[in-house]
Amino acid sequence: MNQRLKVTRCTDLRRKTQGPVSIALPAMLCLSMITNTLQAASPKELRKLSPQEVQKIEKAVPKKATIRPAGQRKLLVFWRCEGYFHESIPVGNKALELMGKKTGAYEAVITDDYSVFTAENLKQFDAVCLNNTTHLKFNPKATPERCKALMDFIKSGKGIVGIHAATDNFYQWPEGQQMMGGKFTGHPWGSGGTWAIKIDEPNHPLTAAFGGKGFKIKDEIYRTDAPLYSRDKQLVLLSIDMSDEKTNSVKGLKPTDADTGISWVKTYGKGRLFYCSLGHNNSVYWNPAVLQHYLDGIQFAFGDLLVSAKTEAGAGQVDTKPKSVD
């Protein structure tokens with residue numbers, strides 16, 4: 001096994017590895033495309049959170065696991081960016097770390113090193129979390145081993161968890177996008193606005209954190225167009241609520257935006273996928289309900305929280321025509 005992956009605690013593998021295989025990736029991290037002014041420059045190292053930020057996260061993380069793990073679970077948190085770098089990545093990493101430690105649901109291992117994606121290295125993990133990754137280099141022609149390792153991982157019965165920009169990946173790998181259940185095609189609901197979210201499956205265990213009630217949240221919401229996004233292919237748990245006037249009045253909306261999934265689950269082969277669009281803004285990671293939703297999704301991906309990933313007949317139907325706003 002690659003020595004750089006041998007860790008016993010949640011850590012950034014780049015900084016902790018010793019020996020001849022020490023990782024020298026800082027210059028290869030999330031490179032910004034200078035031709036695109038919307039892309040943020042990526043740091044050589046992730047910033048350290050302030051004590052105040054850590055305190056907010058610690059206060060918000062669930063106190064215990066929703067269900068006792070079937071075994072000692074290990075979650076790979078992968079945060080590499082080849083496109084836009086989200087400033088919330090270190091906040092999300094810390095939330096995932098602290099949530100695993102506090103609840104005992106899993107141990108988090110954090111890295112941005114592509115070398116983890118081999119069949120041998122992935123054996124130690126029960127799920128892979130893509131934390132705001134963008135434009136990952138997975139190409140069946142250029143990186144066939146990498147693609148096969150991740151696809152075999154989920155199809156064999158393991159889990160994938162996607163946070164926010166996890167759907168902004170796999171542009172040279174169609175099966176990877178099919179696995180995710182959606183591809184980023186825009187965000188008319190920007191990070192500075194507060195948007196309405198509805199609960200599509202109020203009785204589902206993975207939406208229990210919201211008490212069956214819709215809510216509003218300040219965050220950036222991703223559009224993921226059909227046909228990759230489809231309620232026939234996944235169980236949509238949360239979606240945009242077009243009955244809210246502000247949410248339905250942003251510029252650039254399309255008729256199909258009325259069905260914009262926020263969170264969903266699906267099976268893929270013998271494995272499971274959980275995705276949630278929430279996670280652009282730092283404050284999302286000290287929202288107790290959202291963190292509980294993520295914990296439940298992670299435990300679903302592990303196979304510990306055995307819940308349905310299929311919708312009942314007639315459930316989840318939406319009106320695909322946005323309401324007019326005077």
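The values are calculated or read from the model by the stated rules, or taken from the named source; none is laboratory data. Here the structure is a predicted model, which is why all the values come from computation and not from measurement. A quick note on method: Cβ atoms are made from the backbone with ideal geometry, for glycine too, and the neighbour counts reach across all protein chains shown.
Check the range 162-181 and report whether any residue there is assigned to a loop (DSSP other than H, G, I, E, B), touching a residue at least 40 places away in the same chain (Cβ under 8 Å), surrounded by fewer than 22 Cβ atoms within 10 Å (Cβ to Cβ) and polar (S, T, N, Q).
no
Could you pull out the residue among 266, 218 that is within 15 Å of the chain's Cα centre (by Cα), basic (Lys, Arg), surrounded by fewer than 23 Cβ atoms within 10 Å (Cβ to Cβ) and modelled with pLDDT of 95 or more?
So the residue among 266, 218 that is within 15 Å of the chain's Cα centre (by Cα), basic (Lys, Arg), surrounded by fewer than 23 Cβ atoms within 10 Å (Cβ to Cβ) and modelled with pLDDT of 95 or more is 266.
Determine whether residue 233 is in contact (Cβ under 8 Å) with a residue 24 or more places away in the chain, farther than 21 Å from residue 88 by Cα and surrounded by fewer than 19 Cβ atoms within 10 Å (Cβ to Cβ).
Numbers: in contact (Cβ under 8 Å) with a residue 24 or more places away in the chain: yes; farther than 21 Å from residue 88 by Cα: yes; surrounded by fewer than 19 Cβ atoms within 10 Å (Cβ to Cβ): yes.
In short, yes.
Determine which member of the set 250, 236, 284 is within 20 Å of residue 99 (Cα to Cα) and of a type in the set (A, V, I, L, M). Spell out the reasoning first.
Working: 250 fails: within 20 Å of residue 99 (Cα to Cα); 236 fails: within 20 Å of residue 99 (Cα to Cα).
None of the other options fit; the residue is 284.
In the range 119-132, which residues are buried (at least 16 other Cβ atoms within 10 Å of the Cβ) and either aliphatic (A, V, I, L, M) or within 18 Å of residue 170 (Cβ to Cβ) (or both)?
122, 127, 128, 129, 130, 131, 132 - these are the residues of the range 119-132 that are buried (at least 16 other Cβ atoms within 10 Å of the Cβ) and either aliphatic (A, V, I, L, M) or within 18 Å of residue 170 (Cβ to Cβ) (or both).
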